[in-house]
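The structure appears below as structure tokens.
Every read-out reported here was derived from the displayed coordinates using simple, explicitly stated rules and does not represent laboratory data. What you see is a predicted model, and the numbers here were worked out from it, not measured in a lab. Cβ placement follows ideal geometry from the backbone for every residue including glycine, while neighbour counts extend to all protein chains displayed.
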Amino acid sequence: MEELKKNLPSDVKILLAIDASKFIKRSISNLTQAVFFGGLLVILVVFIFLRHLRGSFIISLTLPFSLIVAFTFMYLMGYSINMISLFSLAIAVGMVVDNAIVVYENIYRFRTKGMSASEAAVEGTAEVGNAITAGTLTTVAVFLPIIFTRGIAGVLFKQLGSITTVVILASLFTALTLTPMLSSLLLAKKKTGEKTGLLGFFYRLFENFFNALENTYRWALTVALNYRKTVITFTVLLFFVSLWSIRYIGTEFMPEEDQGEVRGFIELPLGTRVEKTDEVVRRIAKILKEKVPEREIFFMRAGATETGFGAMMGRKEGTNTILFALTLVPKEKRTRSNKEIAHFLEHEVSRIPGLKSADFFTEDPINALALGTTKAFTLEIYGDDFKTMEAFAKRVKKALAKVQGLTSITISREKGKPEIWIYPDRWKAAQVGLSIYQIGTELRTLYAGDVVSKYREKGKEYDIVVKSPPSYRDELSDLSQAVFVNPVEKWIPLDVFAEYRTGAGPVAVERKDQQRLIKVEADIYGRPLGAVTADAKKVLARVPIPAGVDYKFGGQIEEQKESFADLGIALLLATLLVYMVMAAQYESFLDPFIIMFSVPFAITGVLLGLLLTGTTLNLITIIGTITLVGIVVNNAIVLVDYSNILYRRGLPIKDALVTAGTTRLRPVLMTAITTICGMVPLIVMKREGSELWRPFGISVSSGLAFSTFITLIFVPVLYSILKARKQAR
């Protein structure tokens with residue numbers, strides 16, 4: 001990026017500086033706040049459940065320790081503090097205390113039974129050590145497929161997977177060492193029930209609530225175990241109904257961030273002089289000043305850049321083009337999004353007479369280089385004959401105009417630029433002492449101008465450009481007045497050795513995979529990319545395809561298809577890895593099979609969360625779903641592991657399940673709620689960058705909440721059925 005910036009024109013450097021210094025800085029600041037407030041919420045939840053400071057302090061120490069390990073790892077790996085690394089920490093904040101909660105709660109339970117602090121620390125940690133180790137390894141396992149995912153998804157989330165993995169492993173180490181050690185030293189000898197005063201009232205209030213919750217759950221679980229077939233039928237039916245709801249959830253490649261910027265490309269008819277284009281620039285500036293109060297800085301440039309940077313960004317350049325850039329005030333200070341402002345400007349500017357097209361977009365041009373276009377919708381037409389391809393492209397454009405949500409539909413290949421072609425006769429030119437190089441150079445000076453010197457005043461520098469006056473270059477006939485000086489200082493008119501006439505300039509030939517290409521591109525407004533693409537396919541199915549012509553969807557549509565396929569494989573692989581880790585841990589195929597049934601209902605929760613909040617299914621929500629695979633099994637592991645312990649001690653299956661469920665209810669709820677609370681800042685914050693991380697928070701929190709509720713009932717019921725059948729054999 002730094003090397004690219006060095007070679008950019010000064011005006012483009014200014015725009016890139018705006019990007020880096022404002023949006024990225026604000027996004028990093030907002031994510032830092034999300035990590036901080038997420039941590040505070042987690043500590044508050046822990047205190048509400050435990051109601052004493054020492055226990056809350058012991059568990060809360062997991063947070064700074066894990067973050068220190070994370071920053072050390074980032075330093076060793078050469079990672080910077082950026083949006084992805086902070087996003088990883090925001091994800092991990094709610095998860096790092098889970099292991100410490102389970103360990104401390106079990107130590108505290110042994111302590112209240114009369115054991116000494118040291119004995120309770122040893123016995124309590126040993127009893128749940130295998131469970132939290134299995135849970136942590138399953139969470140780590142889901143990030144391995146993400147790290148090795150190909151394409152843009154792999155580039156974006158490799159750092160996320162590695163940092164989150166390190167933080168979670170650090171939390172396991174802390175839970176198995178620091179938490180029991182501090183518990184043996186700091187765990188109060190006096191029973192918490194003996195507290196008096198305000199803290200005692202606070203303790204008794206929540207203790208009564210938790211006792212009532214445990215009694216209600218014991219009753220509900222007992223009823224469920226008595227009506228096992230009904231519970232299984234209802235939950236399975238609920239899962240399939242949730243899958244049916246996918247048709248009502250929109251899809252897109254990536255949620256578009258409101259970066260507080262709008263860019264535009266305005267085109268006038270080919271051959272328009274730059275002076276006329278500049279008049280349009282002034283009219284656009286007037287619209288901005290009068291009708292866009294959200295503006296902060298705006299920039300416009302008419303004509304072509306010296307370096308051809310616009311062409312590098314996939315935009316045509318010429319005297320008839322206008323490059324536009326606008327930065328907006330911070331998101332919290334305006335009521336309209338950058339997408340809404342871009343749509344408004346496109347409508348207003350298009351009303352200016354004489355424009356050929358006005359295209360306003362919000363995509364970052366540097367990011368657009370990866371996709372080859374700044375527009376979300378791209379249809380690539382391939383063939384050998386340009387005339388046939390152009391005719392088909394026009395029919396496609398007309399058909400796509402009927403699709404709701406598509407705006408600013410353009411065709412990449414259009415008619416050539418009108419030009420004046422000069423044909424010098426080399427023999428005649430040589431006879432009068434003129435070379436082709438000299439003729440071309442002097443024509444350029446006459447009509448395009450040439451910088452001959454600099455004018456300096458008050459520390460500023462201005463170019464001195466020499467060119468013929470407008471009255472000598474307005475009409476084709478003015479060329480007859482062009483004269484050239486030969487080596488013997490004789491004036492030679494152009495008519496003596498050259499002919500000239502009007503024509504059309506050559507059109508650039510686009511190619512992809514060694515095939516000729518024409519693109520039909522469009523912006524999307526008001527609808528998700530998946531819905532628009534589905535409607536476009538239906539419309540295009542009715543457009544006859546000429547022989548020798550083919551088309552396919554490209555840009556974001558192509559990336560979405562490939563990334564969704566790769567992440568779908570990653571989801572299946574993560575599920576398989578989680579099962580294998582648990583099978584190796586328990587040396588059993590049955591227990592992991594029971595535990596894995598918490599995963600489908602996490603997907604149900606994700607779909608319901610997306611449906612209720614109007615969030616699309618995109619790259620971020622799929623990453624959140626994959627992450628859930630390793631998280632939701634933790635609660636089931638805690639339940640099944642303790643049920644096995646009680647069953648081996650001689651309790652009947654039903655009694656073991658009810659006792660295990662009631663005993664482990666608090667740590668299960670604590671771990672689930674702390675993880676959800678860690679996501680709350682990601683969901684509720686609506687500042688710069690929130691569009692990217694909000695879908696992740698929604699998918700993880702909704703999936704975990706629903707899965708926890710179902711797991712507490714469904715997993716014990718399934719456990720009782722399968723264990724009973726195994727006993728019968």
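Relative to one another, the C-alpha centroids of the stretch 578-626 and the stretch 285-301 are positioned 48 Å apart. Only the Cβ atoms of Lys and Arg (+1) and of Asp and Glu (-1) were treated as charged; on that basis the dipole of the chain about its Cα centre amounts to roughly 2140 debye. Think of the stretch 260-361 as having a plus end and a minus end, set by charges on the Cβ of Lys, Arg, Asp and Glu; of Phe361, Thr321, Leu345, Leu345 sits farthest toward the positive end of this dipole. Once the Kirkwood radius over Cα pairs is known for the stretch 548-704, the Stokes-Einstein relation at 20 °C and 1.002 mPa s delivers a diffusion coefficient of 122 µm²/s.
Principal axis extents of the C-alpha atoms in the chain (largest first, rounded to whole Å): 116, 65, 44.
Cα axis of helix 690-728 to longest principal axis of the chain: angle in degrees, 0 to 90, nearest 10? With rounding to tens, the tilt is 40 degrees. For the stretch 636-706, the set of trypsin sites (Lys or Arg not before Pro) satisfying both a DSSP loop assignment and a count of at most 13 other C-beta atoms within 10 Å is given as Arg649, Lys686. Report, in degrees rounded to the nearest 10, the 0 to 90 angle that the Cα long axis of helix 197-226 makes with the longest principal axis of the chain. The helix 197-226 is inclined about 90 degrees to the chain. With loop defined by DSSP as not H, G, I, E or B, and exposure as at most 15 other Cβ atoms within 10 Å, which is the longest segment of the chain clear of exposed chymotrypsin sites (Phe, Trp or Tyr not before Pro)? Here the longest segment lacking exposed loop sites spans 228-588. With a cut-off of 13 Å on the backbone N, the residues of the stretch 386-405 near the modelled label site 7 Å out from Val543 along Cα-Cβ are 389-403.
Would you calculate the convex hull of the Cα atoms in the stretch 418-504 and tell me its volume per residue in Å³? Roughly 123 Å³ of hull volume per residue.
Against the main long axis of the alpha-carbon atoms of the chain, helix 25-50 sits at an angle near 10°.
On the beta carbon distance between Ser118 and Phe344, with R0 = 60 Å, the FRET formula returns roughly 0.30. Fraction of C-alpha pairs exceeding 23 angstrom in the stretch 260-361: 24 percent, rounded to a whole number. The trypsin sites (Lys or Arg not before Pro) of the stretch 221-309 include none that meets both criteria, a DSSP state outside H, G, I, E and B (loop) and at most 10 other C-beta atoms within 10 angstrom of the site's C-beta.
A Förster distance of 35 Å, applied to the separation of the beta-carbon atoms of Tyr455 and Arg283, puts the FRET efficiency at 0.70. The ratio of the alpha-carbon radius of gyration of the stretch 608-677 to the globular-protein estimate 2.2 N^0.38 Å is 1.48. In the structure shown, the pairs Lys331/Lys686; Lys276/Lys397; Lys402/Lys538; Lys394/Lys552; Lys291/Lys339 are assessed against 20 Å; a Cα-Cα span above that value is assigned to Lys276/Lys397.
Placing a label point 7 Å from the Cα of Ile147 along the Cα-to-Cβ direction, no residue of the stretch 554-587 has a backbone N closer than 12 Å.
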